Structures are given as structure tokens and as C-alpha cells.
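Worksheet: one structure, shown below.
The values are calculated or read from the model by the stated rules, or taken from the named source; none is laboratory data. Treat the numbers as computed from the prediction; the structure is a model and nothing was measured. FYI the Cβ positions are ideal-geometry reconstructions off the backbone, even for glycines, and counts take in every protein chain you see. Ligands, DNA and RNA are excluded from the accessible area calculation, which covers all protein heavy atoms including side chains. Shrake-Rupley method; radii C 1.70, N 1.55, O 1.52, S 1.80 Å.
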Amino acid sequence: MEFDAVWQHIDSQRLEIARLIEEIDARDPAQWFAPSLCDGWTVRDVAAHLTHSAIGMPKMLLEAVRSGFRFNTVVNRLAVSDRRPPAQIATELRGLVGSRRHPPGTSVMEPLIDVLVHAQDICVPLGIDRSMPIDAAVAAAERVWQMGFPFHARRRLSGTRLVATDADFAVGEGAEFAAPIRELLLVLTGRQAAVAAAG
């Protein structure tokens with residue numbers, strides 16, 4: 001997928017998620033404290049995390065030092081310690097539209113993976129059926145398959161061939177698991193339980 005197309009998808013998803021955040025808050029604020037698909041994170045933690053992709057190098061270095069240069073610890077602390085209300089999180093997400101910043105050491109694909117997967121992390125536990133643009137999901141799935149850390153998809157899914165039923169996407173070797181690309185992206189990023197529950 002071309003660079004500009006990736007960012008167009010990211011911008012579109014950020015606007016949609018901002019609306020989703022406001023809708024959830026208006027419907028039932030208690031849902032912010034529901035467990036998300038991210039282990040140990042509430043729905044609110046995931047929403048807050050989505051605004052952290054534009055953190056600059058100085059703040060990231062400071063957070064890395066505080067966390068002993070452990071990436072997962074940095075990400076987790078930033079999310080669970082972010083106490084901004086939903087309305088502010090939604091506003092910050094809209095403010096990121098047009099920005100082309102992404103976390104140091106990552107590619108343009110990581111923010112795309114974030115918005116696609118974390119939107120499901122929010123919606124699935126709340127019973128919200130959220131679609132995913134197929135071309136963006138394929139590009140994200142290809143990136144997750146190619147990268148190692150933090151998902152280690154090739155290692156985790158060794159002996160399995162993933163085949164999309166609604167897109168031109170197939171990876172791996174072994175016993176075939178066929179599903180829509182949305183579900184495959186969740187499997188690739190370690191959300192197998194959500195796919196099993198949906199099936």
C-alpha cells in the first residue's frame with residue numbers, strides 16, 4: 001500500500017474512533033472500565049493509548065529511562081496512567097488527523113495496525129460489530145507477519161496456514177485456518193480468544 005493511502009486510512013480511522021469514544025461515553029460511561037481485548041487494559045486504557053503514537057523522541061526517551069528501556073513497560077505505563085476523560089481523548093485523536101508522526105523506531109504501518117486492532121479491542125468486548133477496510137487490513141496483516149517483536153506471529157502460528165476468505169491474503173504453512181481478514185489480523189496480533197468467541 002502506498003504511503004499516502006496508509007495515512008488516509010489512519011486519519012479516517014482516527015476520526016471514526018473519536019466518534020466511537022463519544023458514543024460510548026454518551027450511552028454508558030461505565031463501559032470505559034470494561035476489560036478490553038488487551039490483557040490488563042480497560043476500554044479507556046486502549047482509547048488513551050491510541051493518542052500516544054505521536055509522542056516525540058524526548059518524551060519517549062524519558063519514559064524509556066523510567067521503564068528500564070523495556071518497550072512493553074513504557075507502553076503499559078503510559079496507557080494506564082493516562083487519566084484524561086473520554087471527551088479529551090476524542091479531541092486529541094481528531095487533533096492527530098493530518099499528523100505524519102509515529103513512534104521512534106517504527107514504520108508508518110504501526111499506527112495503521114494500532115487503529116485497526118485497538119478499535120476491535122474496544123468494540124468486541126462491548127458487543128459492537130465494527131467493520132475494517134479490507135485493503136488496510138491486508139496491509140496491516142502483511143506487516144504483522146513480516147515483523148518479529150512485539151507480536152512474533154510467525155513463531156506463535158508455526159504449523160498454521162492463515163487464509164483470508166474475503167481478501168487476497170494467505171501466509172504460513174500447515175493446518176489451514178480460513179476466516180475474514182479482520183479475524184486473521186486479530187489472530188496475528190494475539191487475539192485468538194476474540195475470534196473463537198465470534199465463531
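The set of residues from region 128-155 being closer than 28 Å to Ile24 by Cβ, at pLDDT below 95 and open to solvent by less than 50 Å² (accessible area, probe 1.4 Å) comprises just one member, Phe151.
In region 73-112, how many are part of a helix (DSSP H, G or I), modelled with pLDDT under 90 and not charged (D, E, K, R)?
Step one: of region 73-112, the residues part of a helix (DSSP H, G or I) are 73-80, 86-95, 109-112.
Those still in the list that are modelled with pLDDT under 90 too: 73-80.
Filter once more, keeping what is not charged (D, E, K, R): 73-76, 78-80.
Result for region 73-112: 7.
Residue count for region 97-124 under the criterion of being in contact (Cβ under 8 Å) with a residue 24 or more places away in the chain and open to solvent by 20 Å² or more (accessible area, probe 1.4 Å): the result is 14.
Does region 175-195 hold any residues that are part of a loop (DSSP other than H, G, I, E, B) and under 20 Å from Met147 (Cβ atoms), and which are they? Explain how you work it out, then say what you get.
As a first pass, look at region 175-195 and keep what is part of a loop (DSSP other than H, G, I, E, B): 180, 189-191.
Thr189, Gly190, Arg191 - these are the residues of region 175-195 that are part of a loop (DSSP other than H, G, I, E, B) and under 20 Å from Met147 (Cβ atoms).
Of the residues making up region 156-179, those that are surrounded by fewer than 18 Cβ atoms within 10 Å (Cβ to Cβ) and within 18 Å of Ile113 (Cβ to Cβ) number 2. Taking the condition free of Cβ contacts under 8 Å to residues at least 24 places away in the same chain and not small (Gly, Ala, Ser), does Asp129 pass? Judged against the criteria, Asp129 is a match.
With the requirement that a residue be surrounded by 15 or more Cβ atoms within 10 Å (Cβ to Cβ), in contact with a Lys or Arg (Cβ under 8 Å, 6 or more places away or on another chain) and more than 16 Å from Leu96 (Cβ to Cβ), what does region 14-37 give you? Passing the criteria: Trp32, Leu37.
Within region 154-174, being of a type outside the set (Val, Ile, Thr) and within 23 Å of His9 (Cα to Cα) holds for Ala164, Asp166, Ala167, Asp168, Phe169, Ala170. Anything in region 180-199 that is open to solvent by 60 Å² or more (accessible area, probe 1.4 Å) and at pLDDT below 70? List them, or say none. Selection gives Ala193, Ala196, Ala197, Ala198, Gly199.
At pLDDT below 95 and among the aliphatic types (A, V, I, L, M): is that true of Leu15 in this structure?
On the way: at pLDDT below 95: no; among the aliphatic types (A, V, I, L, M): yes.
No, not satisfied.
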